[in-house]
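Undergrad: The structure under discussion is supplied below as structure tokens; questions concerning it will follow.
No value in this document is a laboratory result; all are computed from the given coordinates. Small disclaimer: the values here were computed from a predicted structure and weren't measured. Glycine gets a Cβ as well: all are built from the backbone with ideal geometry, and neighbour counts include every protein chain shown.
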Amino acid sequence: MSSTGADYVAVVTELLAKLPAQQEKEIAAAADLLAAALSAGGVVNAFGSGHSEAIAMEIAGRAGGLVPTNRLTLRDLVIFGGEPPSVLQDPELERDPRIARRVYELAPVAPQDVFVIISSSGVNGCVVELAGLVKERGHGLIALTSLQHSRAVPARHPSGRKLFELADVVLDNGAPRGDSVLELPGGGSFGAVSTITSALLAQLMVAGTVSRLLAAGQAPPVYLSANIPEGDAHNQALEARYAGRIRRGA
């Protein structure tokens, strides 16, 4: 494949066109889980490290998205856990399974909550350990990952398990092993796609959740943009319903 911008657009466009139909059942199952949790007074906890945090941001605390959401991050160790900022400089942090329990314990989690864990590789110790802990505590779990990549590389968790093997619902972002899709002449590739395809799946999941709440006669708790005049008052009123259950600004 040549390495022009047009080639990249073609690959991404094809993926975006195929994914909704290919993942229709999985998207519906994910929306069912989220809608059930919200109807029971639960919150959606989204976790991703590295570039996967961008997808957690698509789910938690953004305009047009659901209010009862939390974005869990490795920074929580510092912001809420009192660890020195230097801990975040460790390039191996996301591979350390021991970190997951601390992230979970620092979050305002309730039994009725549901989790979305995002990791394109789905093999690092922290995400796999967190997934196992989530299931151990009885929460619903949605994994957003690349099945092709995850199946092609060894697990980094001591159990030998991977994220997709632990989830109740698996959304496959369609990214190839290594994520990028344009070949370099001397070997290797560039042009990552997982952020784009995962964002689409995240938004489809949220859209399905909203439609289910509406069908059940419930007013979906959805953010307005803070950059329109009525946004702040609307959002603050909704956030007040979940005081102590959601956190913002971290």
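Undergrad: Rounded if a/c is under 1.5, else prolate if a/b is larger than b/c, else oblate: which is the range 170-225, with a ≥ b ≥ c the root eigenvalues of its Cα gyration tensor?
TA: Numbers: a/c = 7.06, a/b = 3.35, b/c = 2.11.
Since a/c reaches 1.5 and a/b is larger than b/c, the shape of the range 170-225 is classed as prolate.
Undergrad: Can I ask one more? What label, among (i) 14.8; (ii) 13.7; (iii) 12.1, belongs to mean projected area of the Cα convex hull in nm² computed from the structure on display?
TA: Here mean projected area of the Cα convex hull in nm² agrees with entry (i).
Undergrad: Note the full-extension length gain between Asn227 and Ala40 as 0.36 nm times their separation in residues minus their Cα-Cα distance, in nm to one decimal. Present the calculation step by step, with values, prior to reporting the outcome.
TA: Details: separation 187, 0.36 × 187 = 67.32 nm, distance 3.06 nm.
That pair, Asn227 and Ala40, stretches by 64.3 nm at full extension.
Undergrad: Skipping prolines and chain starts, which residues have an amide H placed within reach, meaning under 5 Å, of the one on Leu171, given they are 5 or more residues away or on another chain?
TA: Residues meeting the criterion, in which the H sits 1.01 Å from N, are Ala143, Leu144, Thr145.
Undergrad: To the nearest 0.05, how large is the calculated FRET efficiency for Ala215 and Ala54 if R₀ is 35 Å and r is the Cβ-Cβ distance? Display every interim value, and only then the final one.
TA: On the way: r = 30 Å, r/R0 = 0.85.
Step by step, r from the Cβ atoms, then E = 0.70.
Undergrad: Taking trypsin sites (Lys or Arg not before Pro) as exposed when DSSP calls them loop (any state but H, G, I, E, B) and at most 13 other Cβ atoms lie within 10 Å, what is the longest stretch of the chain free of them, the sites themselves excluded?
TA: Values: sites that count: Arg137, Arg248.
That gives 1-136 as the longest site-free run.
Undergrad: Would any residue of the range 156-173 have its amide N under 20 Å from a label point 7 Å out along Cα→Cβ of Asp96? List them or say none.
TA: Within reach of a label on Asp96: 156-160.
Undergrad: Computed over the Cα atoms of the range 91-134, what is the convex hull's projected area averaged over all directions, in nm²? Walk me through the intermediate numbers first.
TA: On the way: hull surface 12.8 nm².
Its average projected convex-hull area is 3.2 nm².
Undergrad: Right, here's the next one. Between beta-carbons, use under 10 Å as the cut-off and find the net charge around Ser146, counting Lys and Arg +1, Asp and Glu -1. Mind dumping the intermediate values first?
TA: On the way: positive: Arg151, Arg177; negative: Asp172, Asp179.
Local net charge: 0.
Undergrad: Pick from Leu171, Leu200, Leu88: which is most flexible by mean-square fluctuation in a GNM of the chain where alpha carbon atoms under 10 Å apart are linked?
TA: Among Leu171, Leu200, Leu88, the largest GNM mean-square fluctuation belongs to Leu88.
Undergrad: Which shape class applies to the range 192-250: rounded if a/c is under 1.5, otherwise prolate when a/b exceeds b/c and oblate if not, where a ≥ b ≥ c are the square roots of the Cα gyration tensor eigenvalues? Present the calculation step by step, with values, prior to reporting the outcome.
TA: Details: a/c = 1.88, a/b = 1.31, b/c = 1.43.
Taking the square roots of the gyration eigenvalues as a ≥ b ≥ c, the range 192-250 is oblate.
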